[in-house]
């Protein structure tokens, strides 16, 4: 069994399905992908609730809002002035390129759309791929700090490697499947929060201990 398959099966057996990413609509998920930068999900949920209470969780409404007004609504997410500008940039992109429709965006070719998203202010590879996978159901693997930490600690990929190099490992070995990529990434988040912590990892309790008979390095 390939080591990536082994990791997936161990994590799924330990944690089960994660039902991630939470959100009622593709648009809400895309907004959450921007708001979750440098904060925890609980704060994002508070910001999204604010937008919902104001009837403002739509591309049309946010497009008409000032940056200052939007910042006040998403304040719980932290870095609200910066994130308001980033969210407005994404909304402008959505409205100008797809008439505000996530469905029209989803119909575009994956590689072409990813290139365009990466040109939007404030959207880097992780945010773009989160939108593509979770909101638009495109088969692209999301690489985050949890994934990098787990793989580098097991000497599978060096921590100095780039985002693209980490991602290519998954794309070259695994079937390009939305459901699999969704579940696998969510499981990395779960194991990272529970056991493979940045400080004081609980290696002796982790379901990935001795995976592939590789030595774990902190």
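The values are calculated or read from the model by the stated rules, or taken from the named source; none is laboratory data. All values reported here derive from a predicted model rather than from experimental measurement. No Cβ is skipped: glycine too gets one built from the backbone with ideal geometry, and neighbour counts run over all protein chains shown.
Would you point out which residue out of 30, 59 is under 18 Å from the mean Cα position of the chain (by Cα), crowded, with 19+ Cβ neighbours inside 10 Å, over 18 Å from residue 190 (Cβ atoms) and touching a residue at least 40 places away in the same chain (Cβ under 8 Å)?
None of the others qualify; the one that does is 30.
For region 136-180, enumerate the residues that are over 29 Å from residue 103 (Cα atoms) and either loosely packed, with under 14 Cβ neighbours inside 10 Å or in contact with a strand residue (DSSP E or B) (Cβ under 7 Å, 6 or more places away or on another chain) (or both).
145, 155, 158, 159, 160, 162, 165, 173
Do we have any residue at all in region 115-125 that's outside any loop (DSSP other than H, G, I, E, B), under 18 Å from the mean Cα position of the chain (by Cα) and over 30 Å from residue 191 (Cα atoms)?
Within region 115-125, one or more residues are outside any loop (DSSP other than H, G, I, E, B), under 18 Å from the mean Cα position of the chain (by Cα) and over 30 Å from residue 191 (Cα atoms).
Among the residues of region 153-179, which ones are free of Cβ contacts under 8 Å to residues at least 60 places away in the same chain and outside any loop (DSSP other than H, G, I, E, B)?
163, 164, 165, 166, 167, 168, 171, 172, 178, 179
Scanning for something over 24 Å from residue 126 (Cα atoms), in the same structural domain as residue 12 (by TED's automatic domain parsing) and over 20 Å from the mean Cα position of the chain (by Cα), does region 170-191 turn up at least one residue?
no
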